[in-house]
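Quick note: the coordinates plus some simple rules give every number you see, no bench work behind them. As the structure is a computational prediction, the values presented were derived from the model and not from experiment. Please note: Cβ atoms are built from the backbone with ideal geometry, for glycine as well, and neighbour counts cover all protein chains shown.
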Amino acid sequence: QQPVQSPQAVILREGEDAVINCSSSKALYSVHWYRQKHGEAPVFLMILLKGGEQKGHEKISASFNEKKQQSSLYLTASQLSYSGTYFCGTRGQAGNTPLVFGKGTRLSVIA
Amino acid sequence: KAGVTQTPRYLIKTRGQQVTLSCSPISGHRSVSWYQQTPGQGLQFLFEYFSETQRNKGNFPGRFSGRQFSNSRSEMNVSTLELGDSALYLCASSTGLAGGPQETQYFGPGTRLLVL
């Protein structure tokens, strides 16, 4: 089942912060975050496993709330290079389940 | 290490024709997944192959099929093309060895298919 991402789109000025949410109605074991720039392939950012961990990647971090089956991606002090579409992918608890992606959140950072 | 490669990068076909897309995974990766990407729909899962066997299948009609070869290269085929099949088709590879939720996928650049 496809996870739900919110918001669908967001516009930021350089230096502002943003939060992108990803939720599922099914039990999750992992959440994978990707960023895709226009005309390019999605690029892997980070993976979070069940256990409520939080990870960071430069000024981009994420959390995974296992009880709520929700993950949030935090972008702080945004830069122009952060522009793109962010996708969350989720896998269920059963073994060898496919990675199912949300519809994406389009982030535009302007000067 | 070379990344995931896909050929061709662009393709124009007419309705009713069939098409075959190719994907070469990262060296050592044994799992290949295919996705269809259209505006507003995100990445729709098509199927996943591991060691020449289809491991998972998405909710697409039988016109969409795929296979994987012994060298892990994969092809997907779409028969009797429809206008709605116009999309970016992405291939992603992973080791497949963990066989579980922590498997990370790496995407190729995609094949953009236009059906007229």
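If you rank B:THR14, A:THR90, B:THR20 by fewest surrounding Cβ atoms within 10 Å, what's the result?
The most exposed by this proxy come first: B:THR14, B:THR20, A:THR90.
First check a/c for segment B:35-95, with a ≥ b ≥ c the square roots of the eigenvalues of its C-alpha gyration tensor; if it is under 1.5, answer rounded, and if not, answer prolate when a/b is larger than b/c or oblate otherwise.
prolate
With label points built 7 Å along Cα→Cβ from the Cα atoms of B:ASN77 and B:THR38, find their separation and express it in nm.
Result for the modelled spin labels: 2.3 nm.
Please say if chain B is rounded, prolate or oblate, where rounded means a/c under 1.5 for a ≥ b ≥ c the square roots of the C-alpha gyration tensor eigenvalues, and otherwise the choice is prolate for a/b larger than b/c and oblate otherwise?
The shape class here is prolate.
Under a straight-distance cross-link criterion of Cα-Cα below 19 Å, which aspartates and glutamates are reachable from A:LYS26, leaving out those fewer than 8 residues away in the same chain?
Reachable aspartates and glutamates: A:GLU53, A:GLU66, B:GLU103.
Could you line up A:HIS38, A:HIS32 from fewest to most neighbouring Cβ atoms inside 10 Å?
By the 10 Å Cβ count, ascending: A:HIS38, A:HIS32.
Other chains' Cβ within 10 Å of B:90-96 residues: what's the mean?
2
For peptide A:82-92, compute the average count of partner chain beta-carbon atoms within 10 Å of each residue's beta-carbon.
The per-residue average across the peptide is 2.
For q values of 0.17, 0.18, 0.21, 0.27 Å⁻¹, compute log₁₀ I(q)/I(0) with the Debye formula on a Cα-only model of segment B:1-60, without solvent.
-0.75, -0.83, -1.08, -1.27
Along the charge dipole of chain A, pointing to its positive end and built from +1/-1 on Cβ of Lys, Arg, Asp and Glu, which listed residue (A:GLN69, A:VAL109, A:GLN36) has its Cα farthest out?
A:GLN69
Give me A:CYS88, B:CYS23 sorted ascending by neighbouring Cβ count inside 10 Å, so fewest comes first.
Ranking A:CYS88, B:CYS23 by Cβ neighbours within 10 Å, fewest first, gives B:CYS23, A:CYS88.
Along the Cα-to-Cβ line of B:PHE69, 7 Å from the Cα, sits a label point; which residues in segment B:20-46 have backbone N less than 13 Å from it?
Of the residues in segment B:20-46, B:21-25 have backbone N under 13 Å from the label point off B:PHE69.
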